[in-house]
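Report on the following structure.
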Ligand SMILES: C[S@@+](CC[C@H](N)C(=O)[O-])C[C@H]1O[C@@H](n2cnc3c(N)ncnc32)[C@H](O)[C@@H]1O
C-alpha cells in the first residue's frame, strides 16, 4: 500500500490548506465543460470546484484517497487509475487540473503525453506546482524525501519544455514565490 493510501484518513488534517479561492480567477474554468481533476486525492479541490464546471471526474491512483472523496460528495465521478495510462478516449476531456500532483507521479512525461491524448481539441491542462529553486520548496523536497515519497519537482521552465515538446502551447505564472500555475493548451 502506498503512502497516500496509508494516510488517506488523515490527509486533510495533515496537509496544509492552500488558497484555492484566490487562484480560481487564474484557472479560468469553463462552466459548461467537464473537468478532470488529475490525482485529485481526497477531493479537496474537486469538491470546491464541482459546481463551477459541468461535471467533475476525480482520478487518483489510491482507492483509499477516493474513499475519502466519496464521503464528501455524491456528484463527483470517482475513477481509480494512473496518469500514465488514462482510461479516457482520445480527445474527450475538455479541461484538466492537477494540483500538487505532478511531482508525485513517477513517469511525468508519459502522463503529460496521456493528458495531451485525452484532451479535446482546444482543451487545456492546468498544473499547479512548486518551483524547486525556492527555499520553501527545498524544505518540502527534504520532507518528502524523508517520507520516501519519491517526488520529482520540475521548474516551470522544465515543465514548459516538456509540454512544448508534446505539442502544447504553454504559458505560466507565479502564484507565490514558491508556487506556479502552468496552463498548457492543445491546439491541434
Ligand atoms: C499531494 S496529493 C494531492 C491531492 C489533490 N490534488 C489535492 O490537491 O489535495 C497527490 C495525489 O496524487 C496521487 N497520485 C500519485 N501518483 C499518481 C499517479 N501516477 N496517477 C494518479 N494519481 C497519482 C496520490 O494518490 C495523491 O492522492
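The strands (runs of 3 or more DSSP E) found wholly in region 46-148 and carrying at least 1 residues that are touching a strand residue (DSSP E or B) at 6+ places or on another chain (Cβ under 8 Å) and away from the ligand (no atom under 13 Å from the Cβ) occupy 77-80, 93-99, 119-130. Among the conditions (1) over 24 Å from residue 113 (Cα atoms); (2) outside any helix (DSSP H, G or I); (3) touching a residue at least 40 places away in the same chain (Cβ under 8 Å), residue 23 misses just one, which is (2). Taking region 2-19, which residues are out of contact with any helix residue (DSSP H, G or I) (no Cβ under 8 Å at 6 or more places or on another chain) and more than 8 Å from the ligand (Cβ to nearest atom)? Passing the criteria: 3, 10, 13, 16, 17, 19. Here residue 130 passes the criteria (1) closer than 22 Å to residue 30 by Cα; (2) buried (at least 21 other Cβ atoms within 10 Å of the Cβ) except the one numbered (1).
Could you please let me know if residue 64 is within 23 Å of residue 129 (Cβ to Cβ) and over 14 Å from the mean Cα position of the chain (by Cα)? Criteria not met by residue 64.
Read the figures in this text as sums done on the coordinates, not as results from a lab. Everything numeric in this text was worked out from a predicted model, so none of it was measured. Cβ: placed from backbone, ideal geometry, glycine included. Neighbour counts: every protein chain shown.
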